[in-house]
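> Structure provided below as structure tokens; questions to follow.
The values are calculated or read from the model by the stated rules, or taken from the named source; none is laboratory data. Being a predicted model, the structure only gives us computed values, none of them experimental. So basically every Cβ, Gly included, is an ideal-geometry build from the backbone, and we count neighbours across all protein chains shown. With ligands, DNA and RNA removed, areas are computed over all heavy atoms of the protein, side chains included. Shrake-Rupley method; radii C 1.70, N 1.55, O 1.52, S 1.80 Å.
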Amino acid sequence: MTIHFYIRFYTRPGESLYVIGNTDELGNNDPNKAFPLTWLSHDLWTGTVTINNPQTDIVQYTYIYKGIDGNQVQEQDDNKHIPISKSPMQEIRVLDTWNPPGEFGNTFYTDPFQQILLKENETKTKSKAVKHATHYFKVKAPLLQKNEVVCLLGSNRDLADWDETDPVLLHREGNWWTIKLNLPKESFPIQYKYGIYNTKSKEFVRFEEGENRWLHGDALVNTLTILHDGFLHLPNSTWKGAGVVIPVFSLRSKNSFGVGEFTDLKLLVDWAAKTGMKMIQILPVNDTTATHTWVDSYPYAAISAFALHPLYLNISKLAGKKYADLIKPLKKKQVLLNELPHVDYEAVMHTKLAAIKELYMVMKDEWLKDPDFAKFFYQNEHWLVPYAVFCSLRDRHQTADFNQWKGNNIYNKEAIQKLASPKGKQYDQIAIHYFIQYHLHSQLQEAAEYAHKNGIILKGDIPIGVYRYGCDAWVEPELYHMEMQAGAPPDDFAVRGQNWGFPTYNWDRMAADGYEWWHQRFVQMSNYFDAFRIDHILGFFRIWSIPMHAVEGIMGRFVHAVPIHIVEFEQRGIWFNPARYCQPYINDAVLWELFGPNGEKFKPYLNAAGNQYTLKPEFATQRQVEAHFDALERSEENQHLRQGLYDLISNVLLFEQPGSNGTEFHFRISIESITSFHHLDGHLKEQLKALYINYFYERQEHFWMQEGLRKLPALKRSTNMLICGEDLGMVPHCVPVVMKQLGVLSLEIQRMPKDIHTEFFHPAQAPYLSVVTPATHDMSTVRGWWEEDRTKTQRFYNNILGQWGEAPPTCEAWINKAIVIQHLQSPAMWATFQLQDLLGMNEILRRENPEEERINVPAIPKHYWRYRMHLTLEQLLKEKEFNTELEEYIKDSGR
């Protein structure tokens, strides 16, 4: 079988195209062995391959572009394929269209659209069988309405001679609408066009837009021509949806146990369906049990990227009728916890785990024989066994910090398998975690299936990091840089930056096996979710890395980043003084400027050095200061001293690149705000500021783009879920470019515009491939924000809402409503809202105090995540007037 490939793709000199596929001749899907094409003319590339002794019935293939700079882009896999086993033809000619990953239409071939959101519109047709077909037409049209099919019309009799009353109807094969025709050679060249036909009314609806398509050449003897014609030329930004965002722990139902549970998602689905929502978005639901205290309420510090949190297990459903009597004594406790305004994390976990242990002991014999459990165990053994042993060892040693364990502190697969043996003495302490995870899996999967039956998709959340003392770091420490801490640079919400404490990823090691850890993570998520949010997608381009000796995020820098060489200072006429630039700058003027008369209180922590000071060795790092004050009585003065010393330690201009022998440096961020910079002379400040701008905003862009393109395309190809990126903060110019190129949805927030020259982002300006929302879990709600800054609120009231006069002091229901409608009317694919912001539209339903609605405060490193909705879901379902009003707003917006 000989295959002739033709594809139109514009290139410049030095650029090239390759084809890759599932045969030896096409490299067996190895990009390094891809088959090179030859430039034929203008924008046409071609190549001929003879398939000898095929190992497959169908050749599947895609194209790869390689740039001059080594940049490589693989087109979006749209299932281009060539059936070769049953073909009577000796040669096949394929005329292809490049499928850019960022093409809007590709979004509609992700699982949530194909399996749920667009499934009801699918219309089936049958095509007449054609013997000895010469041409095989294929085109994609994901946004057809119910009873609509693709049709084909053209300039010869076999294409109906453009007769709209009798078009050639195509039928659906996978992602493609297809038809096989026998076209006589005398009819060439042919003009043709695709259109839409309604099978119910038997009427031609419309042609696709644009010029006619052309088919040159003729019907060659013993040759089948396959046309992969890309997408139907129709508007592809018409589909829009709305969604609700809420953490599972924040749900409240009559039967929940002081916290939202996976079973409560069904009630939320009922409400979402009633109001016209199409998506439910939740926060991470992975197990975070590290300390058995409320600190574990932080959902982004998972001890396992695969295990679910026992917090969300419904123990009544677990017990069933057979063992209901075992948990009857907990009824009063359940009612008490469920009446609390917030989640009492420790009380809920203590009660639930005690009940789970009791249920495990009476259920284990029958449960271990359950074939469904056997299937679950087989599919998840690779993470489940290490996780269960980890939890057992954590509880035995009373710490998750495996470095402190007396044994098994270094993971050994054989030793762990031995510990997990059913014959072992500790088996019950291990197997109980199999028990918990299996039932969590069952309850969440049941909720997801219920959502799908009601036309609702579930969107999960993938944290950017893993817990430093978690199972993932224990099992594969080589995947992480354990000597660093991930975080974020300063912003309006955390002026000293954020330190999340997670180890950063060792991307080079992850790339070595094709990002298998990420692939497994996506597979696990796809058991329950249809879409997911990548937390801090900027971390795939560069991550804010903080050394272990630092406490505050402001002591970090971007990794990877191109450093400043010492020669560059000389080139700019800057005399380089390592002591002045790289060490904390402290003198009496600085102490007075920062602390006033209290400056004297800091001198016991300093050594005098001429007219300046250095920090005493025992207080030279923020971690040393932290340890010192943690051992003292907690008082306002001690807190003041602690923070003051942190500020003195961070009063530096440059960080030396480790291993550079004093020749390479990175700027500390926000140098303009520190006294070390203020005390420089004017000319030197100008020179350093110019180099600072070059460092952060110019020299890194190409490098960071390459980093993003090295990781994200491979990760995107490993899943068919809908991917949304949380691209907030200090966003390099390359990030939106790469996200657009890959078709990853961006996040657009009204009070966090990405244009630094704009105070507020207007939802009407959102790109189609985006998610617009008034607020996230890291912010105050709309009502809370309204009262934070009166002058800013006034400008928003006049300029964004278009209202005259003085803004009301509080966010009245009509204002909240106007903001919600503004987002619903956005051109963005998705408009999502925290439940609190939707309830804010109703004076009666909303919570009295908006401060109680906030989920997280990023500026507080150890924030207690405990927000719960004040209404039950059952009550919300009964609010007919509110639900009908919301449904109308969503419907009127075209969502």
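> Within the stretch 610-659, how many residues turn out to be open to solvent by less than 60 Å² (accessible area, probe 1.4 Å) and either among the acidic types (Asp, Glu) or in contact with a Pro (Cβ under 7 Å, 6 or more places away or on another chain) (or both)?
8
> Here is a further query. Just one of the numbered conditions (1) surrounded by fewer than 12 Cβ atoms within 10 Å (Cβ to Cβ); (2) within 35 Å of the chain's Cα centre (by Cα); (3) over 20 Å from Asp78 (Cα atoms) is not true of Asp30; which one?
(3)
> Give the residues of the stretch 66-78 that are surrounded by fewer than 18 Cβ atoms within 10 Å (Cβ to Cβ) and touching an Asp or Glu at 6+ places or on another chain (Cβ under 9 Å), sorted by residue number.
Once the filter is applied, which keeps residues that are surrounded by fewer than 18 Cβ atoms within 10 Å (Cβ to Cβ) and touching an Asp or Glu at 6+ places or on another chain (Cβ under 9 Å), the stretch 66-78 yields Gly67, Ile68.
> Continuing with the same structure: List the number of the failed condition for Glu186; all other conditions in (1) at pLDDT 95 or above; (2) more than 46 Å from the chain's Cα centre (by Cα) hold.
Every listed condition holds for Glu186 apart from (1).
> Further, regarding this structure: Has the stretch 244-253 got at least one residue that is open to solvent by 10 Å² or more (accessible area, probe 1.4 Å), part of a loop (DSSP other than H, G, I, E, B) and more than 30 Å from Ala141 (Cβ to Cβ)?
Yes, the stretch 244-253 contains a residue that is open to solvent by 10 Å² or more (accessible area, probe 1.4 Å), part of a loop (DSSP other than H, G, I, E, B) and more than 30 Å from Ala141 (Cβ to Cβ).
> Might you let me know whether the stretch 92-106 holds any residue that is of a type in the set (Phe, Trp, Tyr), farther than 30 Å from Tyr528 by Cβ and open to solvent by less than 20 Å² (accessible area, probe 1.4 Å)?
Checking the stretch 92-106: not a single residue is of a type in the set (Phe, Trp, Tyr), farther than 30 Å from Tyr528 by Cβ and open to solvent by less than 20 Å² (accessible area, probe 1.4 Å).
> Assess whether Val49 counts as being open to solvent by less than 50 Å² (accessible area, probe 1.4 Å), hydrophobic (A, V, I, L, M, F, W, C) and touching a Phe, Trp or Tyr at 6+ places or on another chain (Cβ under 8 Å).
Criteria met by Val49.
> Would you check which residues across the stretch 526-542 are at pLDDT below 95 and of a type in the set (A, V, I, L, M) and list them?
Ile534, Ile537, Leu538
> Within the stretch 875-894, track down each residue that is out of contact with any helix residue (DSSP H, G or I) (no Cβ under 6 Å at 6 or more places or on another chain) and outside any helix (DSSP H, G or I).
Glu879, Gly894
> Consider Glu852 against the criteria (1) touching a strand residue (DSSP E or B) at 6+ places or on another chain (Cβ under 8 Å); (2) part of a helix (DSSP H, G or I); (3) not hydrophobic (A, V, I, L, M, F, W, C): it satisfies all of them except one. Which criterion is unmet?
Against the list (1) touching a strand residue (DSSP E or B) at 6+ places or on another chain (Cβ under 8 Å); (2) part of a helix (DSSP H, G or I); (3) not hydrophobic (A, V, I, L, M, F, W, C), Glu852 comes up short only on (1).
> Can you tell me how many residues within the stretch 784-812 are under 16 Å from Asp837 (Cα atoms), in a helix (DSSP H, G or I) and open to solvent by less than 10 Å² (accessible area, probe 1.4 Å)?
2
> So, one more: Can you tell me which residues in the stretch 688-699 are open to solvent by less than 50 Å² (accessible area, probe 1.4 Å) and touching a residue at least 24 places away in the same chain (Cβ under 8 Å)?
Correct list: Leu688, Ala690, Leu691, Tyr692, Tyr695, Phe696.
> Right, another one. Are any residues in the stretch 123-168 in contact (Cβ under 8 Å) with a residue 12 or more places away in the chain, in contact with a helix residue (DSSP H, G or I) (Cβ under 9 Å, 6 or more places away or on another chain), open to solvent by 20 Å² or more (accessible area, probe 1.4 Å) and of a type outside the set (Val, Ile, Thr), and if so, which ones?
Within the stretch 123-168, Pro142, Leu143, Gln145, Lys146, Asn147, Glu148, Ser155, Arg157, Asp158 meet the criteria.
> Suppose we filter Ala319, Ala290, Ala305, Ala301 for residues that are open to solvent by less than 20 Å² (accessible area, probe 1.4 Å) and more than 29 Å from Ala473 (Cα to Cα); which single one remains?
After applying the criteria, what remains is Ala319.
> Oh, and also: Within the stretch 134-172, how many residues are β-branched (Val, Ile, Thr) and over 25 Å from Lys80 (Cβ atoms)?
Total meeting the criteria: 1.
> State which residue is farthest from Ile462 (Cα to Cα) when the search covers only the stretch 508-519 and only residues that are open to solvent by less than 60 Å² (accessible area, probe 1.4 Å) and under 17 Å from the mean Cα position of the chain (by Cα).
Tyr515
> I need the full set of residues from the stretch 132-156 which are of a type outside the set (Gly, Ala, Ser) and under 15 Å from Leu215 (Cβ atoms), in order please.
Thr134, His135, Tyr136, Phe137, Lys138, Val139, Leu152, Leu153, Asn156
> Next question. If Gln60 satisfies every condition in (1) within 28 Å of Asn720 (Cβ to Cβ); (2) part of a loop (DSSP other than H, G, I, E, B); (3) of a type outside the set (Gly, Ala, Ser) but one, which is the exception?
Every condition holds for Gln60 apart from (2).
> Something else: Here is a list: Thr23, Thr56, Thr62. Which entry is modelled with pLDDT under 90 and polar (S, T, N, Q)?
Going through Thr23, Thr56, Thr62 in turn, just one is modelled with pLDDT under 90 and polar (S, T, N, Q): Thr56.
> Could you list, in sequence order, all residues of the stretch 3-38 that are assigned to a strand (DSSP E or B) and either touching a Cys at 6+ places or on another chain (Cβ under 7 Å) or more than 21 Å from Asp57 (Cβ to Cβ) (or both)?
Correct list: Tyr6, Ile7, Arg8, Ser16, Leu17, Tyr18, Pro36, Thr38.
> Separate question: Scan the stretch 717-750 for residues that are open to solvent by 40 Å² or more (accessible area, probe 1.4 Å) and under 25 Å from Gly487 (Cβ atoms) and jot them down.
Passing the criteria: Gly729, Met730, Val731, His733, Pro736, Val737.
> Does any residue of the stretch 521-543 turn out to be open to solvent by 60 Å² or more (accessible area, probe 1.4 Å) and either under 21 Å from Leu648 (Cα atoms) or free of Cβ contacts under 8 Å to residues at least 24 places away in the same chain (or both)?
No: zero hits.
> A follow-up question, please. Quickly run through the stretch 855-880 and pick out the residues that are among the polar types (S, T, N, Q) and either open to solvent by 40 Å² or more (accessible area, probe 1.4 Å) or under 23 Å from the mean Cα position of the chain (by Cα) (or both).
Asn856, Gln875
> Determine, yes or no, whether Gly174 is open to solvent by less than 60 Å² (accessible area, probe 1.4 Å) and at positive phi.
Yes: the conditions hold for Gly174.
> Give me the helices (runs of 4 or more DSSP H) completely within the stretch 599-697, filtered to those with at least 1 residues that are at pLDDT 95 or above and more than 30 Å from Pro732 (Cβ to Cβ), ordered by residue number.
622-630, 636-649
> Quick one: Asp43 ticks every box in (1) in contact (Cβ under 8 Å) with a residue 24 or more places away in the chain; (2) open to solvent by 70 Å² or more (accessible area, probe 1.4 Å) except a single one, so which number is it?
Status for Asp43: all satisfied but (2).
> Among the residues of the stretch 194-223, write down those that are touching a Lys or Arg at 6+ places or on another chain (Cβ under 8 Å), assigned to a strand (DSSP E or B) and farther than 19 Å from Glu122 by Cβ.
Phe207, Arg213, Thr223
> Output the residues belonging to the stretch 731-745 that are part of a helix (DSSP H, G or I) and of a type in the set (Gly, Ala, Ser).
Answer for the stretch 731-745, where residues must be part of a helix (DSSP H, G or I) and of a type in the set (Gly, Ala, Ser): there is none.
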